[in-house]
Structure formats: C-alpha cells, structure tokens
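A.B. asks: Please see the structure below; I have some questions.
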Amino acid sequence: RTAGMRGWWLAALAVASGDISALQTAVNDMEGKKEDPLGRIVTMLQQMKEEIRDQSIEEKDLFNKYMCWCKGAIADGEKDVANERETIQKLLPQIADAKEVSSQLDDKIKAVEQELADTRKGIQDEQAMRQKDAKSFEREESLTKKTVAELGKAIQVLRKAAEMDGLQLTEPQHQKLVGHIRLALMPFAQSSPSIKHYLADPRFTAWFRSEKERALIQQQSQDGEMTFDELADALEVVKDEFERQLGEAQDGEADDQDLDNAMMKSKKAEVRISTNMIASLSDRKNNLLIKLSNLKDDLIENQKALADDERVLEEIVQGCKKKKEDYQKRVQEQMEEVVAIDSAIQVLSVDDEQVVATRTETDNP
C-alpha cells in the first residue's frame, strides 16, 4: 500500500509541476504494480478540483463575512472620527468665547479696582481736608471766643468806671484795660470793618496812648478821647459783631460736618458697592477659568481620541484592503490551479485512450 501511494503522489506532483518525464516515471511505476495509473490520477485530480472548489466556497464565505465586518467597522470608525471632529469643532469656539469673556472680566475688574482706589483716595483726601478745616475752625473759634471774652472784660471795666462819675483810672489800670482791648481787636485789625472803623477814629485810638500823650491830645483837641460809655458802646458793637460771626461760623461748621458726613456715607457706600462688584466679578472669572480648564482638558482628550480613532480606522482600512488583495490573489491562484488540473485531466484522458487502444492491439495481434 505504501508503494502504491508513493506512485499516486509522484504522479500528482508531476501533473502539478508539468514534468512529463516525472509523470511517465510515476505511470511506469504504477504499471509495474498492475494498477490503472491514468484513471487513478484523473480521479485524484478531479477530487483535488472538488476540494479546491469546496475550499474556495468556504474561503469566499469567510471573505464575505470579513468584508461585512470591515464595512461595519469602517462605518463605525468613520462615525467615531466624525463625532470627535464635530466635538472638537464645538469646543474650539467655546474655548475662544471663554477666553474672550475672561479678558472682558479682567478689564472690568481692573476698571472697578481703579474706581475703588480713586474713591478711597478721595475719602482720604476729604478726611485730610476736613481735619485741616476743622483745626482751622477750632483756631478761629478759639480766637473769636477769646476776643469776645476780652471785649467783655473791657466793657465790664468801662461800665463800672462810667457808673462812678469822675473816676480816674490809674496808669496801670488804664494799661490793663488797653491790654484787654488790644488782645481783642488787634488780630482782626485788617479783617473786621467795624474794627477798622474804630481804629481810624482818633478819639478811639487815643485810649491806646500813654497818660502824657492823652493829656497832650486833650489840650490840642477839643474832641479828646471817648468817654467810658462811648468806648464801651463801641466795644459792644464790635463784640456783637464777633458773637454774630461766631454763631454763623459755628452754624456753617455744623452744616459742613453734616455735608461731609453725608458725602462720606455716600463714598463708603460706593466702596462697598465696588468691593462687592469686584468679589462678584472675581467669582465669575474663577468659575469661568474652571470651565475653561475643563474645556481645554476635553479638547486634549478629544484630540487624543481623534488621533487614536484615525489610527485604528486606518489600520482597519489597510487590513481590509490587504485582506481583499490576498483573497483576490488566492482566487486567482485557485483559478489557475483548476485550469491546470483541467488541462492535466484532458491530457491524461487522451493518453488513457491511447493506452487502452495500445493494450487492445497487444491483446489481439
């Protein structure tokens, strides 16, 4: 049996390779073993042809299934790529918008911060000016009160002297009285109209001279100096003027304080509003920055996913393309094998007829 099989295989190889001499050797080998070589080879070739056909049907079925899978996989891959690209195209303008809004918020925050700084500086300047004005008012108020007090003392002395007819003041008493009047009037000699008026009156200014000077004036002028009551009346006029001015100044200072307090309250309200606005804008910006960071992360992830999907899709496309090329090549090889087998069967069939005819002639001489 082993020797017989060897003959068949030699014949099959000879047919496949087209080696006629090898085929003849295989046939002679089988003839030596009393076998029908050509018929058996034809049968074997027909079986090989059937096997090729069955195999081609099976391979075609597998190929069609694989191509069906390729179609679906490519479609899914293209869909994934399209989805990733669409997502990226949506993310890009969102990121751009977020950056633009963030920039606008920065500008708003800077503007409000500048307004807040200006408001606070205005408050500081206003407070400094108010303190300066308050100190100035306190000085003037103190001076005016002192003037009124000194005038009051002088008037009191003059009224008492007037009540005592013929009373002559001693020089020390006179100088003390003049001292009160000087302390009261001299600071306002240039600013008070009434004081200017009295200082221009010789009878009034005569009181500021020494005893000898007053006596000399009395001898040279019939007018002489003011009496106690006249001087007291003059000083009363000045004192009333100062008291009136002091009251007006105090009322004006109170009004200024009320106005400053109202303005300060308004400024502090502006500070609170600006501070709250900055906090609100900063919260919006922080939330926007978080959103922007998430959008950038999503963009990076989608770009990576797109690259992966494009790579996988390309691998699938190339794999399916190669599979198709391999299958077409395989189909071509099978067709060539079938053609070769058919040619061999045809050749062997002709040879078999000749062999039969030869045997018949040999058997019937």
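A.B. asks: Using the alpha-carbon centroid of each, what span in Å lies between the stretch 108-183 and the stretch 256-292?
C.D. replies: Their Cα centres are 41 Å away from one another.
A.B. asks: If Lys and Arg each add +1 and Asp and Glu each add -1, what is the summed charge of the other residues whose beta carbon sits under 15 Å from the beta carbon of GLN303? Walk me through the intermediate numbers first.
C.D. replies: On the way: positive: ARG85, LYS90, LYS296, LYS304, ARG311; negative: ASP80, GLU84, GLU86, ASP297, ASP298, GLU301, ASP308, ASP309, GLU310.
Around GLN303, the charge tally is -4.
A.B. asks: Based on the alpha-carbon gyration tensor of the stretch 33-89, what equivalent-ellipsoid semi-axes (square roots of 5 times the eigenvalues) come out, in whole Å, largest first?
C.D. replies: The equivalent ellipsoid of the stretch 33-89 has semi-axes of 54, 7, 5 Å.
A.B. asks: Less than 28 Å apart at the alpha-carbon level, and either on another chain or at least 8 residues along: which lysines does that give for LYS196?
C.D. replies: LYS135, LYS145, LYS146, LYS153, LYS160, LYS176, LYS212, LYS239
A.B. asks: Shifting gears a bit: Could you do me a favour and compute the accessible area per residue for the stretch 66-128, 1.4 Å probe, result in Å²?
C.D. replies: Ligands and nucleic acids excluded, the result is 66 Å² per residue.
A.B. asks: Which value, in nm² and rounded to one decimal, describes the direction-averaged projected area of the C-alpha convex hull of the stretch 110-164?
C.D. replies: 3.8 nm²
A.B. asks: Also, quick follow-up: Please express the shape of the stretch 62-193 as an equivalent ellipsoid: the semi-axes are the square roots of 5 times the eigenvalues of the C-alpha gyration tensor, given largest first in whole angstrom.
C.D. replies: 103, 10, 8
A.B. asks: Further question on the same structure: Taking only the alpha-carbon atoms of the stretch 71-128, what semi-axes of the equivalent ellipsoid follow from 5 times the gyration tensor eigenvalues under a square root, in whole Å, largest first?
C.D. replies: Details: eigenvalues 612, 7, 3 Å².
Semi-axes from the Cα gyration tensor: 55, 6, 4 Å.
The values are calculated or read from the model by the stated rules, or taken from the named source; none is laboratory data. Quick caveat: nothing in here was measured; it's all calculated off a predicted structure. Positions of Cβ are generated from backbone atoms using ideal geometry, with glycine treated the same way; all protein chains shown enter the neighbour counts. Please note that ligands, DNA and RNA were not included when accessible areas were found on the heavy atoms of the full protein model with its side chains. Shrake-Rupley method; radii C 1.70, N 1.55, O 1.52, S 1.80 Å.
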